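Participant: Got a structure for you, questions after.
The values are calculated or read from the model by the stated rules, or taken from the named source; none is laboratory data. Worth saying up front: this structure is predicted, and the values here are computed from it rather than measured. Neighbour counts are summed over all protein chains in view; Cβ atoms, including those assigned to glycine, are modelled from backbone coordinates with ideal geometry. In case anyone asks, the SASA skips ligands and DNA or RNA and just uses the protein heavy atoms, side chains included. Shrake-Rupley method; radii C 1.70, N 1.55, O 1.52, S 1.80 Å.
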Amino acid sequence: MRRTAFTCLLLAASAVPVLAEESPIANTWIDQVSRSGPAAPEPWGTVKQVYGVTIGSESVVLEETQLADLAARLGTEAQHWGEAGEAVSWACLSRNAETLWLYSDGEMGDGGVTGVGIDVRDAAPASAKCGTWPADMNADLGIMGIGLPTDVIIGNYLTGQPDDYGWFRSVNLTPAATAPFEVWQELTFRANEDGTVNAVAVMQITGD
């Protein structure tokens with residue numbers, strides 16, 4: 001009788017669904033940009049906007065600069081979580097509520113930096129394992145953004161209007177060096193209620 005009851009208990013326990021583990025960077029700026037956000041207005045642009053990113057003395061070429069190597073040179077470590085379609089790699093630097101995000105697409109990034117973002121509103125969670133962002137280290141994403149009014153961004157990058165959450169975005173498709181591939185470059189911005197940009201990100205992937 002006792003053995004039967006114990007067996008039933010094990011079967012009941014095994015029937016309880018296992019909750020999926022949440023990414024260490026879930027709901028951060030870079031995570032939200034990579035997974036969601038407002039649709040970019042069509043027709044999409046045909047002019048590449050970002051040719052290079054500079055962080056301190058480091059030059060970053062999207063899809064080419066290796067995330068792990070860059071993170072090490074910036075005094076932090078690349079992190080990885082998940083498998084297959086859920087896989088994500090990142091590195092980050094933080095100071096107070098400001099975070100500099102480096103991102104690599106888990107499926108198509110091949111270890112290269114495919115996204116860079118800056119968020120000056122929300123501090124990164126401890127689970128992101130960010131390094132320290134030195135006060136004298138500047139980051140230039142190659143586009144305008146932080147601290148500017150939304151109308152300046154909209155006029156220069158042909159984004160849509162900010163949505164209810166202050167998000168707005170544009171997409172540019174340009175021919176890659178090897179046909180028939182194209183370079184997909186996505187610019188995403190977020191603004192305060194007063195219309196001042198408090199987060200910006202650029203994502204780039206080459207594909208057919």
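Participant: Residue check: is ASN172 open to solvent by 80 Å² or more (accessible area, probe 1.4 Å) and over 17 Å from GLY56 (Cα atoms)? Even if it seems obvious, please write down each step before you answer.
Facilitator: Values: open to solvent by 80 Å² or more (accessible area, probe 1.4 Å): no; over 17 Å from GLY56 (Cα atoms): yes.
Here the answer is no, as ASN172 does not meet what is asked.
Participant: Can you give me the number of residues within the stretch 156-171 that are in contact with an Asp or Glu (Cβ under 8 Å, 6 or more places away or on another chain) and polar (S, T, N, Q)?
Facilitator: 1
Participant: Here's something else I'd like to know. Regarding PRO41, is this residue modelled with pLDDT of 50 or more, in contact with a Gly (Cβ under 8 Å, 6 or more places away or on another chain) and not hydrophobic (A, V, I, L, M, F, W, C)?
Facilitator: Numbers: modelled with pLDDT of 50 or more: yes; in contact with a Gly (Cβ under 8 Å, 6 or more places away or on another chain): yes; not hydrophobic (A, V, I, L, M, F, W, C): yes.
Taking the combined requirement at face value, the residue satisfies it.
Participant: Can you tell me which condition TYR157 does not meet? The list is (1) open to solvent by less than 70 Å² (accessible area, probe 1.4 Å); (2) within 17 Å of the chain's Cα centre (by Cα), and all the others hold.
Facilitator: (2)
Participant: Still on this structure, I have one more. ALA97 fails exactly one of the following numbered conditions: (1) within 23 Å of GLU182 (Cα to Cα); (2) touching a residue at least 12 places away in the same chain (Cβ under 8 Å). What is the number of that condition?
Facilitator: (1)
Participant: Of all the strands (runs of 3 or more DSSP E) wholly in the stretch 127-208, which have at least 2 residues that are in contact with a helix residue (DSSP H, G or I) (Cβ under 6 Å, 6 or more places away or on another chain)?
Facilitator: Working: elements: 167-175, 182-191, 197-207.
Result: 182-191, 197-207.
Participant: Go through the stretch 176-203 and give me each residue that's under 15 Å from the mean Cα position of the chain (by Cα), open to solvent by 10 Å² or more (accessible area, probe 1.4 Å) and touching a residue at least 60 places away in the same chain (Cβ under 8 Å).
Facilitator: GLU186, MET203
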